[in-house]
Amino acid sequence: MSKTLQQLGCLSLTYKSAGLDELNRWTVSPDFQPAQLRQVLSHAGLSELLVISTCNRLEFYYFSSDKAPLPTDLLTSWKHVSDFDPTLWSAWQGTDALHHLLSVASSVDSMVVGETQILKQIKDSLAVATQAGTAGKYLHLLIRSVIEAAKRIYTETRIAENPVSVSSMTYRFILDHADASLPLVLIGAGDVIRTMAPYFSKMGRYRFCFVNRSVEKAQSLADQYGGRALSLDDFLAEPPDFSALVSATSADHTLIHSDWIDRLNARHGERSRLLVDLANPRDVDPGVTAQTSIRLINLETVERLAEANNRSRIDEIPVVNRILGEESDRITALFADRDMDELLRFFPEDVSGIRDRAVNKLLKTRLNHLSEEDQATIREFAGYLSDKIVQVPYLRAKQRATSEPVRTDDQPAG
């Protein structure tokens with residue numbers, strides 16, 4: 001195993017062992033992360049360090065030329081958190097740390113299996129560590145290799161296919177059925193709509209019409225994401241034209257009925273419209289589907305499809321794990337090659353120096369009677385031998401990594 005890879009360590013706190021409140025206690029503002037990284041690097045005696053910080057995990061990845069740092073030394077230099085429970089944290093070393101990072105990057109270890117945004121978060125973490133001066137050549141090699149492995153997994157498996165969250169499922173329905181030239185109506189101002197608004201806004205495809213019983217709350221969302229704001233009463237009394245609507249209010253009765261659809265069609269003409277009802281109890285009366293131009297999707301349908309998609313992703317995990325094993329071997333061999341390069345970096349110069357000193361001494365003493373032409377031949381032959389000697393360690397390392405037979409240029413292939 002690579003000596004450098006043996007120095008890799010990971011200290012991790014995730015949603016699996018701790019709640020969001022505990023994770024939030026360890027959160028450091030992005031503006032202060034570079035300074036904190038430098039402080040941890042110095043205090044814990046590390047050679048390289050980066051931190052992956054998301055809403056579901058906080059993980060330290062480091063290289064340490066000495067023995068692994070004590071978790072308490074690392075954590076207390078990151079942030080002062082009183083009365084924390086060290087048993088909530090997990091630690092890995094060497095190839096175990098590599099395997100864990102591969103699982104994180106491939107989303108196998110994520111709360112939502114197959115969500116690929118973790119790759120961007122890992123890249124951003126490396127950028128912050130690079131800015132802080134705590135990421136060196138080994139972390140860059142590690143992260144670059146792990147990202148390549150994750151991209152292979154997302155390409156060769158179906159683990160990231162089909163949406164599994166309510167927001168992504170809803171967006172897929174709207175993308176498939178809605179006319180982007182008309183506003184997207186979002187009714188409500190609770191967690192569901194506040195989660196979806198940035199998701200839809202990031203796509204940059206739709207204009208919004210925010211609707212809420214409190215027009216001030218609707219206006220707040222419109223100010224943040226753009227679009228129009230209406231009170232629920234105004235919307236129901238004089239509905240604007242749209243081709244897609246998402247409703248997620250806390251009302252205890254239905255808001256949209258067949259007669260409202262009739263008034264909508266009378267104002268704007270009958271057209272194909274998608275209604276996504278994510279409320280519980282329902283905001284939309286199922287009777288609206290009596291009109292063939294209306295397609296209604298309720299929360300139960302979205303959740304059922306999301307669960308089916310999630311099961312199909314989980315079914316891919318054995319295939320993913322096989323690829324992770326192959327990629328772990330590849331990265332381990334890559335670090336072993338890098339170790340060999342470091343070990344042999346000055347070897348050619350050392351051999352050349354020994355050769356020149358030995359040949360010069362020989363030609364000045366025991367072989368001083370030779371002509372200049374013969375001495376040149378001796379020097380040429382000595383150079384040839386030393387070049388072949390220099391090749392041997394590299395070829396042996398290649399043989400160990402690939403099981404190929406050792407060959408020099410003088411040996412025939414096959």
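Computed from the coordinates by the stated procedures, all read-outs in this text should not be read as laboratory data. Values in this document were obtained by computation on a predicted structure and should not be read as measured data. Positions of Cβ are generated from backbone atoms using ideal geometry, with glycine treated the same way; all protein chains shown enter the neighbour counts.
The table below gives the values:
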| item | result |
| --- | --- |
| Local electrostatic count at His253 - Lys and Arg +1, Asp and Glu -1, tallied over other residues with Cβ under 11 Å | -2 |
| Folded to 0 to 90 degrees: helix 95-105 orientation relative to the chain principal axis, Cα | 30 degrees |
| Distance between modelled label sites at Leu141 and Ala180, nm, 7 Å Cα→Cβ extension | 4.4 nm |
| With Cα atoms, 0 to 90° folded angle of helix 166-177 axis to the chain main axis | 70 degrees |
| Inter-centroid distance (Cα atoms) of region 36-52 relative to region 332-351, Å | 27 Å |
| Label corresponding to Kirkwood radius over Cα pairs in Å when calculated from the structure given, among [x] 21.5; [y] 26.5; [z] 25.2 | [y] |
| Percent antiparallel among DSSP beta bridges (both partners in the chain, rounded to 5) | 45 percent |
| Residues Glu307 and Leu70, FRET efficiency given R0 of 51 Å [Cβ-Cβ distance, rounded to 0.05] | 0.75 |
| Along the chain, longest interval not containing exposed GluC sites (Glu not before Pro), exposed being DSSP loop plus at most 14 other Cβ atoms within 10 Å | 1-160 |
